[in-house]
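Below is one structure, written out as structure tokens; the observations come after it.
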Amino acid sequence: MKSQFITLAVRNLWKRKVRSLLTVLGITLAVATIFILVSISLGLQSGVEEQFRKLGTDKFFIFPKGQVAGPGTDSAATLTDADVTTLEKIPGVKGLSYFKAGNAKIQFNDEVRFFTVVGFPLEKERAQIFSENGAFKPEEGRELKEGDTYDIVIGSQYKYNAVFSKSVKLGDRFEINTVEFKVRGITETQGNPQDDRIILMPLEIFKEVFGDDGTYDEIIVQVEDSTLIQEVADRIERRLRSARDVTEKTQDFTIITPEELLGTFGSVLGVLTVFLVAIATISVVVGAIGIANTMYASVLERTKEIGTMKALGAHNAEILSLFILEASMLGLIGGSAGILIGASGAYSLEYVATNVFAISLVQAAFPLSLFLSCAGFAIFIGVLAGALPAYRASKLNTVDALRYE
């Protein structure tokens with residue numbers, strides 16, 4: 001009997017194939033939208049976690065308070081050599097580094113651009129901590145080392161993404177604020193345009209080019225024991241307050257640990273995902289209305305057929321099951337198509353982001369649970385939308401149905 005119901009349901013949907021196709025389209029768009037949003041969200045979260053794994057769990061960061069636009073922007077507060085000296089004396093601190101950033105006029109082959117330049121210390125331990133912080137490992141050439149002067153390391157976009165009309169190679173020369181530098185290294189792709197267009201130079205030369213105001217944009221602290229990172233961060237916060245003569249209310253610096261950064265990003269990503277899925281829910285509602293409309297029309301068109309089935313012995317439950325089956329099949333077909341389109345769309349977004357815009361953080365994730373959830377959701381919407389029309393069909397009076405014109 002079940003196989004006969006399936007055959008009958010397929011036949012009924014095929015007889016109204018245009019209407020069925022339009023109904024399926026609504027569910028397809030809804031499921032595809034949700035699939036893409038969730039896939040990219042999961043992939044982005046995975047990408048960020050991978051970046052934090054590269055960064056390590058034994059470092060945290062100190063910023064001047066008020067530097068809301070990131071390093072290189074103005075802030076009322078500053079970090080100085082005195083802060084560095086204070087930090088180096090605190091128990092639990094293994095080492096530290098710092099850097100200064102500025103926006104500069106970059107000239108290459110008579111073309112001019114404006115990008116961020118970062119100066120950092122080249123002493124071995126400080127340089128290593130800075131390099132680990134940004135993961136600026138050379139794909140070509142070498143890192144800057146002690147003794148380098150008018151030498152720079154540049155981001156991958158200068159080589160691969162035509163920042164200038166001609167790709168930059170090792171040994172090429174830039175003019176930075178009219179001072180000439182030689183390219184010694186080109187970094188691996190980081191996954192975001194800001195890092196992939198960065199220019200790194202020795203801190204002492206940076207001070208010559210940009211001027212030395214005795215301040216830093218960020219201090220990176222490495223702890224001896226990563227399990228005690230929060231304890232060391234709290235200790236540093238108290239010590240810096242004392243050294244800078246500020247209280248908790250007037251504190252003019254901010255300390256951020258990797259866990260706090262990751263937690264903040266996760267919260268923002270979660271809110272954004274919920275918001276986007278809420279928007280996609282509109283498509284779900286439209287699709288559900290389409291299924292309900294199709295099933296109501298089907299009940300009206302097949303009223304006499306329903307009466308005949310009942311006259312031949314079909315029970316209310318069987319009529320209900322038939323119409324529920326048709327609605328769920330519409331949901332399943334639409335969901336399956338939506339999953340295929342969604343997977344293709346998510347992969348396409350990842351490909352474009354990676355290969356066109358060089359943003360490797362935009363990734364698509366395809367866990368089995370996502371496929372199963374979307375398929376189950378589509379079937380659920382189909383059943384839910386078809387429940388009321390199916391119930392109405394099952395309750396039709398046999399005699400009235402047979403006499404319906």
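Structure notes:
- Screening the range 114-210 for helices (runs of 4 or more DSSP H) wholly inside it with 1 or more residues that are among the aliphatic types (A, V, I, L, M) and in contact with a strand residue (DSSP E or B) (Cβ under 7 Å, 6 or more places away or on another chain) returns the ranges 124-134, 203-210.
- The range 234-280, residues that are under 25 Å from ASP58 (Cα atoms), of a type in the set (A, V, I, L, M, F, W, C) and under 31 Å from the mean Cα position of the chain (by Cα): PHE253, ILE255, ILE256, LEU261, LEU262, PHE265, VAL268, LEU269
- Flag: PHE174 matches the condition of being surrounded by 21 or more Cβ atoms within 10 Å (Cβ to Cβ) and out of contact with any Gly (no Cβ under 9 Å at 6 or more places or on another chain).
- Residue in the range 182-193 that is over 30 Å from GLU50 (Cα atoms), touching a residue at least 40 places away in the same chain (Cβ under 8 Å) and touching a helix residue (DSSP H, G or I) at 6+ places or on another chain (Cβ under 6 Å) present: no
- Filter pass, ILE282 being modelled with pLDDT of 75 or more, among the hydrophobic types (A, V, I, L, M, F, W, C), part of a helix (DSSP H, G or I) and surrounded by 17 or more Cβ atoms within 10 Å (Cβ to Cβ): no
- SER165 vs. criteria in contact with a Ser or Thr (Cβ under 6 Å, 6 or more places away or on another chain) and not assigned by TED's automatic domain parsing to the domain that holds VAL356: no
- Taking the criterion of being assigned to a helix (DSSP H, G or I), in contact with a Gly (Cβ under 8 Å, 6 or more places away or on another chain) and under 17 Å from GLN45 (Cβ atoms), the only residue of the range 347-380 that qualifies is GLU350.
- Flag if LYS249 is in contact with a helix residue (DSSP H, G or I) (Cβ under 8 Å, 6 or more places away or on another chain), loosely packed, with under 14 Cβ neighbours inside 10 Å and basic (Lys, Arg): no
- Failed criterion for LYS395 (all others in (1) surrounded by fewer than 15 Cβ atoms within 10 Å (Cβ to Cβ); (2) at pLDDT 75 or above hold): (2)
- Yes/no for ALA127 being hydrophobic (A, V, I, L, M, F, W, C), touching a helix residue (DSSP H, G or I) at 6+ places or on another chain (Cβ under 9 Å), crowded, with 16+ Cβ neighbours inside 10 Å and in contact (Cβ under 8 Å) with a residue 24 or more places away in the chain: no
- For the range 141-150, the criterion of a residue being surrounded by 14 or more Cβ atoms within 10 Å (Cβ to Cβ), at pLDDT 90 or above and more than 19 Å from ASP212 (Cβ to Cβ) is satisfied by at least one position.
- The requirement of being at pLDDT 80 or above, buried (at least 16 other Cβ atoms within 10 Å of the Cβ) and farther than 23 Å from TRP14 by Cα is not satisfied by ALA375.
The values are calculated or read from the model by the stated rules, or taken from the named source; none is laboratory data. All values reported here derive from a predicted model rather than from experimental measurement. Here the Cβ is made from the backbone with ideal geometry for all residues, glycine too, and neighbour counts use every protein chain on show.
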